[in-house]
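The values are calculated or read from the model by the stated rules, or taken from the named source; none is laboratory data. Owing to the predicted nature of the structure, the values given are computational and were not obtained by experimental measurement. Positions of Cβ are backbone-derived with ideal geometry, glycine not excepted, and every protein chain shown enters the neighbour counts.
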Amino acid sequence: MSQHGGFGGRGDAVVVGNRAGVVEWANEGWNALTGLGTGDLRAKPLGALLDRYEVDLAAISWVSRRFQAGESSELELPIREPDGSRRWLHVTLEPLRDDAGDVQHFVAVARDISEYVAEPELDVSAEDLSVIAAEAARAVAAELGDCITYDFALDRDLPPAYVDRERVAALVRHLIRRGRRAIADTWGNITLSTGVVGVGSEPLYRGDPVRGLPVGPYLYLEVHDTGLTSADEVDARIHEPFLPARHPARGLSLPTGHQLVRELGGDIAFEVERWWGSSVLLIFAG
C-alpha cells in the first residue's frame, strides 16, 4: 500500500486500517515511535498498541465515535511507556471514504512532541470550589450575551478540595463557554453548583458519580446548561484541549479535562437528557 506513503510529514508515524480498527499498513515511522516493527502491527487491532501504552480509554472512545460518524479527530495525549516513563504525542485520525461516501478505512498520523510540551507540575493547594466557580463565571460573563442567565448553587461551608486552582478555573471557564455554544442563540440557563457527593448537598447529576473511585469524601463542581445537545457533544467538551493562563510554548495544549482531574485524584462524569440539557461534574478528593 505504498500509495499511502504521502500521508504525514518527514519522520511521522503513519498507519492505515479498516473501519474495524485492524491495521493494514504502517510506515517505518511506527518503528521509530513505538519500537515495534511494521510486521508487529499488520492485521492486528490498533487497540492492542494503545493498551500497551496505557492510553486513556475515554479518549479512545471519543475518537472511535467520531470516526464511526465520519468525523476527523486531532488531539494531544500522553502515553505511558512500559518502563513507566511518559511521552506526549500529537495524533490526527482521518476517516477514508469509498466512492459511495461510506467510511471504510482510516489513516492515523502521530508524532512525538514531548520536547515541545512544557508540562508544569501540578500546583496543588487546598481551595474552595465555590470561590473558583464564582470567579470563573465572572471572568466569562461578558461573553455570554443577554440570552444566557446564571444560577448559582454554591455551598460556602464546604471543606477544601485539593486542586490546581489555575488549571481547574481554566477548565470551568472552558465548560461555561461550551455550554454557551450548546445553548446557541436561544434563551438558556447555565447553573454552577458545588457540594459534597453523597452527603448533604447533592449534585444535579442523578447517577452515581463516584462509582469506581476509592472510598472517601469527594467534592464536586458542576456546570449544567440547558442546551439541546448529544452525549457525544458533551463528551467532546471534556476531551477538547483547554488553555490555562500559563500556557506552554508553541501553542501546544495542556492535558484534556479528564486527564487533569484524574491527576488530582478525582474524575469527571456527565449526563445528557433531551429538554433538560447537559451536566458535567468535576469530582475532587477532599
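General observations
- Conditions (1) more than 30 Å from Ala20 (Cβ to Cβ); (2) assigned by TED's automatic domain parsing to the domain that holds Val55; (3) under 23 Å from the mean Cα position of the chain (by Cα): number failed by Glu135: (2)
- Residue match in the stretch 159-168 (condition: of a type in the set (Lys, Arg), assigned by TED's automatic domain parsing to the domain that holds His90 and either under 30 Å from Ser85 (Cβ atoms) or free of Cβ contacts under 8 Å to residues at least 24 places away in the same chain (or both)): no
- Counted residues, the stretch 69-81 - those being in contact with a Lys or Arg (Cβ under 8 Å, 6 or more places away or on another chain) and not β-branched (Val, Ile, Thr): 6
- When every residue of the stretch 236-247 is checked against the conditions, at least one turns out to be among the acidic types (Asp, Glu) and either within 30 Å of Cys147 (Cβ to Cβ) or at pLDDT 80 or above (or both).
- Residue check, Leu96 more than 20 Å from Gln259 (Cβ to Cβ) and either of a type in the set (A, V, I, L, M) or in contact with an Asp or Glu (Cβ under 9 Å, 6 or more places away or on another chain) (or both): yes
- No other residue among Leu175, Leu144 is modelled with pLDDT under 80, in contact with a Lys or Arg (Cβ under 9 Å, 6 or more places away or on another chain) and either under 18 Å from Leu282 (Cα atoms) or in the same structural domain as Glu222 (by TED's automatic domain parsing) (or both) apart from Leu144.
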